[in-house]
Amino acid sequence: MGKYSLIVVAGLVFTFGYIASNLNQIGEYFSDDLVAHYERAEARLAANSAAHMALAVLADSSTW
């Protein structure tokens, strides 16, 4: 029974380690995708804001 228990425990440790590694990798991919999405949204909003500011200045002054 001792050798069998050792094999089962070692197998469980290996399995849980493999699963934890995969979950960590999936979490890393998710966070990278989330950061990329946030950066694209932030750039788009900044560009829209600059365009609106330029149009507001142009509406006030035709010499601009």
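The values are calculated or read from the model by the stated rules, or taken from the named source; none is laboratory data. Note that the structure is predicted; figures quoted are calculated from it, not measured. The accessibility values were calculated without ligands, DNA or RNA, using every heavy atom of the protein model including side chains. Shrake-Rupley method; radii C 1.70, N 1.55, O 1.52, S 1.80 Å.
Going by alpha carbons, how many degrees (0 to 90, nearest 10) lie between the helix axis of 2-60 and the longest principal axis of the chain?
Around 0 degrees separate the two axes.
Evaluate the chain: find the radius of gyration of its Cα atoms, find its Kirkwood radius, and give the ratio Rg to Rh.
Reported Rg/Rh (Cα atoms, Kirkwood Rh): 1.65.
With every protein chain left in place, what is the accessible area of V13 in Å² (1.4 Å probe, nearest 10)?
Accessible area, nearest 10 Å²: 100 Å².
Which value in deg cm²/dmol, rounded to the nearest 500, describes the helix-derived mean residue ellipticity at 222 nm for the chain, given -39,500 (n - 2.57) per DSSP H run of n ≥ 4 and division by the residue count?
Numbers: 1 runs with 59 residues, N = 64.
One gets -35000 deg cm²/dmol as the mean residue ellipticity at 222 nm.
Could you report the chain's accessible area per residue, 1.4 Å probe, as an integer in Å²?
It amounts to 92 Å² per residue over the chain.
Of the heavy-atom accessible surface of the chain (probe 1.4 angstrom), what whole percent is carbon and sulfur?
69
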